Amino acid sequence: MKKWFVVISALIIFLCVFFLYSLKPENTIDQQIINKEQFTFWLYSSELVELAKQFEKDNPTIKVITKFVKNPLTLVDELYAAQSAGTPPDFAEIPSWYGIHSFIESGAIIPVSTYLSTGYEEELPDAIRKRFQYEDTLWAMPISYEVPLLFVNEAHLSQSQIELSTLDSLQSVIAASNEISKGKNAKLKWGLNADNLYPWYLMNINANPSAINEHHASILVAENKEFLFHQNHLALTEFVNGEGGILISSSNKLQLIEKLIGSKFKWQVIPFPLESEKLIPNGNGLIIFNKSERLADYMENFLQYIQKEEQLKTFALSNSTIPASKTLIQNESYQKYYRHFPYYRNIVIDSLKAEGRVVRLEDETEWKQLIRANENRE
């Protein structure tokens with residue numbers, strides 16, 4: 001009896017193992033990835049994720065392992081941590097507000113000019129090249145950029161009999177916002193406000209090109225208190241709900257605001273009240289981490305793929321940004337896409353006049369000092 005029990009038990013175990021093994025797919029996902037050439041890419045633009053997927057579709061032997069972090073400044077912090085731990089990705093998207101200088105200084109990234117297509121660098125608008133340029137060397141591959149601008153609730157302006165054409169300076173914008181606030185519209189919460197990127201707007205407004213120290217940051221915040229609220233994270237939401245008059249925001253928010261407002265009220269987008277030449281646009285670039293003497297061919301192919309006009313245009317239109325190409329910016333098919341925003345079309349063209357500013361050691365410190373000065377404001 002005992003002998004039969006052992007035999008039956010062994011048979012049961014064998015059948016269980018055989019059954020479980022039969023459930024195992026012939027090519028697991030892990031096996032598929034291992035058998036492919038692969039590289040890692042960290043980013044904050046969902047549109048780049050889609051381009052990476054399309055690249056994989058066109059190149060089935062290559063796997064792009066993406067890590068998506070929605071907030072670009074959070075991604076910068078995570079890249080700092082990964083570099084410190086010795087585990088950075090191969091490529092990463094990075095904003096030009098701050099962050100890149102630390103990677104340059106530490107030797108974490110390599111120059112990108114070697115991997116740019118013929119003529120690509122010549123096509124870059126000057127202001128965007130500068131935002132990723134240090135000591136005459138380009139340290140990120142610019143993909144697109146954004147500029148600050150004003151979103152205006154025309155209903156509130158009309159009620160106060162204010163013409164859009166009069167909003168041509170910061171003083172006139174502040175005066176108009178004060179006039180709007182005097183109105184009897186119970187729904188209005190504020191005449192003028194800015195979203196969370198206010199350090200960028202203040203850097204543009206700053207008339208002193210020298211570094212912003214703690215004292216200077218406090219003065220700059222105090223001088224522009226009209227649009228610096230503590231609830232900056234609510235500014236965009238309140239504007240699309242019809243509760244704001246004039247919102248200082250980014251061209252990157254154009255499609256989002258259009259979608260959220262729908263047909264609720266009449267609104268318009270107009271230039272940031274500053275001479276185009278003085279603007280400091282923000283670019284999103286692609287950095288290459290220093291992990292080997294040279295990139296593998298399939299990684300170079302990916303960089304070339306991103307640089308194609310078709311990809312740059314697709315990315316810019318879907319991301320509501322401006323392509324980092326002078327030819328594309330002036331292309332009729334690109335301009336036609338924004339035909340219902342005549343002011344914005346002019347803003348895009350005028351952005352080519354921007355002088356911008358080269359990468360500086362102080363960029364990150366200035367950003368954080370402006371945030372701190374606003375939070376400490378009574």
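Counted by neighbouring Cβ atoms within 10 Å, the residues 247, 352 run from fewest to most as 352, 247.
Fully extended, how many nm does the chain gain between residue 233 and residue 114 (0.36 nm per residue separation, minus their Cα-Cα distance)?
Details: separation 119, 0.36 × 119 = 42.84 nm, distance 4.02 nm.
Going from the current span to full extension adds 38.8 nm.
The mean sequence distance of close C-alpha pairs (under 8 Å, at least 6 residues apart), as a share of the length of the stretch 68-182, puts its relative contact order at 16 percent.
Within straight-line reach of residue 36, meaning a Cα separation under 13 Å, sit the following aspartates and glutamates at least 8 residues removed in sequence or on another chain: 56. Among 237, 118, 314, the largest mean-square fluctuation in a Gaussian network model of the chain (Cα springs under 10 Å) belongs to 118. Shown for 216, 233, 156: other C-beta atoms within 10 Å of each C-beta, ranked fewest to most, produce the order 233, 216, 156.
The orientation-averaged shadow of the Cα convex hull for the stretch 148-278, equal to a quarter of the hull surface, comes to 7.9 nm². A Gaussian network model of the chain, with springs between Cα atoms under 10 Å, assigns the largest mean-square fluctuation among 86, 283, 191 to 86. Its relative contact order, with pairs defined as Cα atoms under 8 Å and 6+ residues apart, puts the chain at 26 percent.
Per residue, the convex hull spanned by the Cα atoms of the stretch 170-238 amounts to 87 cubic angstrom.
Listed here are the pairs 184/259; 53/253; 259/308; 313/336; 67/291; which of them are more than 20 Å apart at the Cα? Over 20 Å apart, Cα to Cα: 184/259; 53/253; 259/308. Loop-resident GluC sites (Glu not before Pro) (DSSP state other than H, G, I, E or B) in the stretch 155-233 with no more than 10 further Cβ atoms inside 10 Å of their Cβ: 163. Taking other C-beta atoms within 10 angstrom as a stand-in for reagent exposure, 339, 377, 129 fall in the order 339, 377, 129, fewest first. Estimated from helical segments only, the mean residue ellipticity of the chain at 222 nm is -13000 deg cm²/dmol, where each DSSP H run of four or more residues counts as -39500 (n - 2.57).
For the stretch 222-282 versus the stretch 286-325, the inter-centroid distance based on Cα atoms is 29 Å. Only one residue of 222, 204, 261 has its Cα farthest out toward the positive end of the dipole of the chain, where Lys and Arg carry +1 and Asp and Glu -1 on Cβ, and that residue is 261.
Bear in mind these aren't lab numbers, they're just calculated from the coordinates by the rules spelled out. These figures come from a predicted structure and were not determined experimentally. Counting neighbours? That spans all protein chains shown, and the Cβs are built from the backbone with ideal geometry, glycine included.
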